[in-house]
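Everything on this sheet refers to the single structure shown next.
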Amino acid sequence: MATSKEYADFIRAKFDRLDVVTLKPMMGEYVIHMAGKVLGFLGDDRMLLEPGPTAAQLLPDAEQVELFPGSKLFYIVDDSISASRLCEIAKAVYDDLPVSKPRKSKRKPDPEIERRFPFAKHIKD
């Protein structure tokens, strides 16, 4: 089941106070980024927050679920949470979040292969 655009807009509106939070679509769901780190996900019309010690302290009664079978457990953030409280939680858990890995750059062609096989540049992987 995919997350609806309306739900994504609802969550995005709660983060209006933080300019560094963005939602990016991913295979029918959304990834929540905060200043270069993954804060959580929107999946099946619910917000899932990355686990960590600060999140455990701030959301002690929150239900935990797997994002997919075999994944780590994420905290389900209640939809009734106020925008100011959600922003406070986001700022507090930011330091616990791992830095996102940079994307790999496109492969550069090997000059030796191009010299020996000039037709190889026309072959796609």
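Just the number, please: carbon plus sulfur as a percent of the accessible area of the range 1-64, 1.4 Å probe, no ligands or DNA/RNA counted. It would help to have the intermediate numbers written out before the result.
Working: 1940 of 3500 Å².
The computed percentage sits at 56.
What accessible area per residue comes out for the range 11-116, rounded to a whole number of Å², with a 1.4 Å probe?
Details: 7020 Å² over 106 residues.
Each residue of the range 11-116 exposes 66 Å² on average to a 1.4 Å probe.
Grab the other residues whose beta carbon is less than 14 angstrom from that of residue 55, score K and R as +1, D and E as -1, and report the net. Can you show the working numbers first?
Values: positive: 37, 72, 85, 91; negative: 50, 61, 63, 78, 88, 95, 96.
Net local charge, residue 55 excluded: -3.
Could you tell me which of the pairs 24/104; 5/106; 14/101; 5/104; 14/37; 72/104 are separated by over 21 angstrom between their Cα atoms in the structure shown? Show your work: numbers first, answer last.
On the way: 24/104 19 Å; 5/106 32 Å; 14/101 27 Å; 5/104 30 Å; 14/37 18 Å; 72/104 25 Å.
Listed pairs above 21 Å: 5/106; 14/101; 5/104; 72/104.
With label points built 7 Å along Cα→Cβ from the Cα atoms of residue 100 and residue 44, find their separation and express it in nm.
Taking the two extended label points, one gets 2.5 nm.
The values are calculated or read from the model by the stated rules, or taken from the named source; none is laboratory data. Not measured: the values here are computed from a predicted model. Glycine gets a Cβ as well: all are built from the backbone with ideal geometry, and neighbour counts include every protein chain shown. These area figures cover heavy atoms from the full protein model, side chains too; ligands, DNA and RNA do not enter into them. Shrake-Rupley method; radii C 1.70, N 1.55, O 1.52, S 1.80 Å.
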